[in-house]
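Presented below is the structure to which this report refers.
The values are calculated or read from the model by the stated rules, or taken from the named source; none is laboratory data. This is a predicted model, so every value here is computed, not measured. Cβ placement follows ideal geometry from the backbone for every residue including glycine, while neighbour counts extend to all protein chains displayed.
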């Protein structure tokens, strides 16, 4: 028996042993680790909040390879988990096929896309470019050098979407600002490579960047650490990462993956499926983190600018161009 088989077998045994008296939800984390302090950890926090409030339990699995995705989906569905919540775009296509074999199971995917959404599947997406626009404004206002950086994880349209919003926000404040953008890699390992994140941060600092936004999952931890070590500012992503380096993280672009997971588990088998939901500033699906850890870094002018832009984006008076529109960005040449 391979290590993978043992791993999935253990997960299935745990799921089955929970009993069939009620349907527990299940959570499948994306590659990068459950405690990545970013995307996956936000998903865990949402599930844990649901468990704490209800006194119930949920099943979970941390994937160790891409090959485990289909097996994990089938194991949980066969064990009676409902709904099965999945994170990350990469599992969406497999989920779309597997879901057809388990019509009585509700499936959720966060960040993915399907050309046709099965009746028992719900897709949840976010308008990351809107929140990124706001942190881009803050970066430009905080920068003393006139150069800011962006470090993405895996080079995919989703991460370019983050970077595009960031660049538009920065240039709205300073049309002449220089934006240095790098991606960590082209494979899923790019989500969990803090050493590479650190190297990219050092390279951007050497080119004058004094604020760096990391949208790179666990890789971003290395970016934030290096920024703090080199005495420049960083911007976190997905989860509130301000506390990781108090006084050194300007803010974090919140992507409420936790809320998406929490609401999905709360709905349980009654979850409405067969379509998609996109959460933006208007739905509090994205935003900026303000707390005691960055209070001294955020000026009243920054707060006022962010609130003004937020209101205009919600009302439609200000349009942040999505990278997806033409697979290009008007403010940044990736």
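With respect to residue 261, determine if the residue is in a strand (DSSP E or B), under 23 Å from residue 112 (Cβ atoms) and within 16 Å of the chain's Cα centre (by Cα).
no
Report yes if some residue within region 109-117 is modelled with pLDDT of 95 or more, assigned to a strand (DSSP E or B), touching a strand residue (DSSP E or B) at 6+ places or on another chain (Cβ under 6 Å) and assigned by TED's automatic domain parsing to the domain that holds residue 30; otherwise report no.
Yes, that holds for at least one residue.
Quick one: in region 293-322, of everything that is free of Cβ contacts under 8 Å to residues at least 40 places away in the same chain and part of a loop (DSSP other than H, G, I, E, B), which residue is surrounded by the most Cβ atoms within 10 Å (Cβ to Cβ)?
The qualifying residue surrounded by the most Cβ atoms within 10 Å (Cβ to Cβ) is 318.
Rundown of residues vs (1) surrounded by 22 or more Cβ atoms within 10 Å (Cβ to Cβ); (2) over 14 Å from residue 297 (Cβ atoms), yes/no style:
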{"position": "199", "(1), (2)": "no, yes"}
{"position": "204", "(1), (2)": "yes, yes"}
{"position": "230", "(1), (2)": "no, yes"}
{"position": "234", "(1), (2)": "yes, no"}
{"position": "239", "(1), (2)": "yes, yes"}
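In region 248-278, which residue that is more than 23 Å from residue 54 (Cα to Cα) and touching a helix residue (DSSP H, G or I) at 6+ places or on another chain (Cβ under 7 Å) is surrounded by the fewest Cβ atoms within 10 Å (Cβ to Cβ)?
Once the filter is applied, the top-ranked residue is 248.
Report the residue count in region 271-284 for those that are assigned to a loop (DSSP other than H, G, I, E, B) and either on the phi < 0 side of the Ramachandran plot or modelled with pLDDT of 95 or more (or both).
8
Kindly indicate whether residue 287 is within 18 Å of the chain's Cα centre (by Cα), at pLDDT 95 or above and under 18 Å from residue 129 (Cα atoms).
For residue 287, the condition - within 18 Å of the chain's Cα centre (by Cα), at pLDDT 95 or above and under 18 Å from residue 129 (Cα atoms) - is met.
How about region 217-242: which of its residues are in a helix (DSSP H, G or I), in contact with a strand residue (DSSP E or B) (Cβ under 8 Å, 6 or more places away or on another chain) and either without any contact (Cβ under 8 Å) to a residue 60 or more places away in the chain or within 18 Å of residue 207 (Cβ to Cβ) (or both)?
Once the filter is applied, which keeps residues that are in a helix (DSSP H, G or I), in contact with a strand residue (DSSP E or B) (Cβ under 8 Å, 6 or more places away or on another chain) and either without any contact (Cβ under 8 Å) to a residue 60 or more places away in the chain or within 18 Å of residue 207 (Cβ to Cβ) (or both), region 217-242 yields 223, 224, 227, 228, 242.
Restricting the search to region 283-293, which residues are closer than 19 Å to residue 166 by Cα and touching a strand residue (DSSP E or B) at 6+ places or on another chain (Cβ under 8 Å)?
Those that are closer than 19 Å to residue 166 by Cα and touching a strand residue (DSSP E or B) at 6+ places or on another chain (Cβ under 8 Å): 285, 286, 287, 288, 289, 290.
Does residue 211 satisfy being more than 27 Å from residue 318 (Cα to Cα), surrounded by 24 or more Cβ atoms within 10 Å (Cβ to Cβ), touching a strand residue (DSSP E or B) at 6+ places or on another chain (Cβ under 9 Å) and in contact (Cβ under 8 Å) with a residue 40 or more places away in the chain?
no
What number of residues in region 151-195 are assigned to a helix (DSSP H, G or I), surrounded by fewer than 20 Cβ atoms within 10 Å (Cβ to Cβ) and in contact with a strand residue (DSSP E or B) (Cβ under 7 Å, 6 or more places away or on another chain)?
Adding up the residues that qualify gives 1.
Please enumerate the residues belonging to region 323-333 that are in contact (Cβ under 8 Å) with a residue 12 or more places away in the chain and either crowded, with 18+ Cβ neighbours inside 10 Å or outside any loop (DSSP other than H, G, I, E, B) (or both).
Hits for region 323-333 are 323, 324, 329, 331, 332.
Could you list, in sequence order, all residues of region 127-150 that are surrounded by fewer than 24 Cβ atoms within 10 Å (Cβ to Cβ) and closer than 18 Å to residue 327 by Cα?
Matches in region 127-150: 127 only.
Of all the residues that make up region 55-97, how many are in a helix (DSSP H, G or I) and without any contact (Cβ under 8 Å) to a residue 60 or more places away in the chain?
11
The rows are residues; the columns are (1) under 27 Å from residue 160 (Cβ atoms); (2) surrounded by fewer than 19 Cβ atoms within 10 Å (Cβ to Cβ); (3) touching a helix residue (DSSP H, G or I) at 6+ places or on another chain (Cβ under 6 Å).
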{"site": "48", "(1), (2), (3)": "no, yes, no"}
{"site": "61", "(1), (2), (3)": "no, no, yes"}
{"site": "66", "(1), (2), (3)": "yes, yes, no"}
{"site": "82", "(1), (2), (3)": "no, no, yes"}
{"site": "91", "(1), (2), (3)": "yes, no, yes"}
{"site": "112", "(1), (2), (3)": "yes, no, yes"}
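Can you name every residue in region 19-54 that is touching a strand residue (DSSP E or B) at 6+ places or on another chain (Cβ under 6 Å) and touching a residue at least 40 places away in the same chain (Cβ under 8 Å)?
24, 26, 27, 28, 29, 30, 38, 39, 40, 42, 43, 47
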